[in-house]
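Below is one structure; the comments refer to it alone.
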Amino acid sequence: MEAVEGDITRIAVDAIVNAANSALAGGGGVDGAIHRAGGPEIMRELDELRRVTGGCPTGSAVATGAGRLPARFVFHSVGPIYRGGERGEPDLLASCYRTCLKLAEDRGLSSLSFPAISTGVYGYPIRPAAEIAVREVKAHLEKADASLQRVVFVLFSRSDYKVYARLLERLPSIHAE
């Protein structure tokens, strides 16, 4: 596991996680950046998924190709809107990470990048969100049969990066860059 400050659309990994909305309709923040950098083919795939499924429930994710991104897949994960933490938000956020990790394993991927899901306009406080993210990824990577070898948390702001870096520094054999 590692943390980097930067633009998730520029990280070369097998799959990039997108912080999507439940309508899979595109949006701002990470979602907007991924669609701009990846091109219209990602939205075309989402349009078809929406037609078939109607969207994606909170705590879950769907996969598309990555268009022009330096990845093979985009996993569009729908995090919870934070309403104080008493409405199942921690479990829903943890489910986002577990679902994306499973999508990666199902495809035999070795690398995956995550943004700080739900911490933007959905209002999840960065520290508890980061703790959930690191806990879920760490638990997954400790499994003997995991194909994933590299998980990168890509944080847009310096302050978010510092939160993740501090958490990762406390874990053996895990680092921040």
Could you go through the range 53-61 and let me know if any residue there is closer than 20 Å to Ile8 by Cα and of a type in the set (Val, Ile, Thr). no
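Take the residues in the range 125-165 that are among the basic types (Lys, Arg) and either touching a residue at least 12 places away in the same chain (Cβ under 8 Å) or in a strand (DSSP E or B) (or both), then tell me which one is farthest from Arg107 (Cα to Cα).
Initially, the range 125-165 is screened for residues among the basic types (Lys, Arg), giving 127, 135, 138, 143, 150, 158, 162.
Then keep just the ones that are either touching a residue at least 12 places away in the same chain (Cβ under 8 Å) or in a strand (DSSP E or B) (or both); that gives 127, 135, 138, 150, 158.
Numbers: Arg127: 30, Arg135: 22, Lys138: 19, Arg150: 15, Arg158: 32 Å.
By that ranking, first place goes to Arg158.
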Which of the residues spanning the range 87-99 are within 12 Å of Tyr124 (Cα to Cα) and either at pLDDT below 95 or in contact with a strand residue (DSSP E or B) (Cβ under 9 Å, 6 or more places away or on another chain) (or both)? Leu92
Need pairs with beta-carbon distance below 9 Å; first residue on the phi > 0 side of the Ramachandran plot and within the range 79-108, second in a loop (DSSP other than H, G, I, E, B) and surrounded by fewer than 17 Cβ atoms within 10 Å (Cβ to Cβ); sequence gap 6+ or separate chains. Gly85/Pro125; Gly108/Ser147
Lone unmet requirement of (1) touching a Ser or Thr at 6+ places or on another chain (Cβ under 8 Å); (2) closer than 15 Å to Val13 by Cβ for Glu45: (2)
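With respect to Arg68, determine if the residue is in contact with a strand residue (DSSP E or B) (Cβ under 8 Å, 6 or more places away or on another chain) and closer than 19 Å to Leu46 by Cβ. Steps first, answer last, please.
Values: in contact with a strand residue (DSSP E or B) (Cβ under 8 Å, 6 or more places away or on another chain): no; closer than 19 Å to Leu46 by Cβ: yes.
Considered against the rule, which asks whether it is in contact with a strand residue (DSSP E or B) (Cβ under 8 Å, 6 or more places away or on another chain) and closer than 19 Å to Leu46 by Cβ, Arg68 comes out as no.
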Within the range 112-139, residues being farther than 21 Å from Gly85 by Cα, out of contact with any Phe, Trp or Tyr (no Cβ under 7 Å at 6 or more places or on another chain) and surrounded by 19 or more Cβ atoms within 10 Å (Cβ to Cβ) number 2
Against the conditions (1) assigned to a helix (DSSP H, G or I); (2) surrounded by fewer than 13 Cβ atoms within 10 Å (Cβ to Cβ), where does Leu168 fall short? Just the number, please. (2)
Go through the range 67-96 and report how many residues are in contact with a Gly (Cβ under 6 Å, 6 or more places away or on another chain) and of a type outside the set (Phe, Trp, Tyr). 7
Could you please give the count of residues in the range 110-124 that are in a loop (DSSP other than H, G, I, E, B), small (Gly, Ala, Ser) and within 16 Å of Gly79 (Cα to Cα)? 4
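The values are calculated or read from the model by the stated rules, or taken from the named source; none is laboratory data. As the structure is a computational prediction, the values presented were derived from the model and not from experiment. Cβ sites come from the backbone with ideal geometry, for glycine too, and all protein chains shown count toward neighbours.
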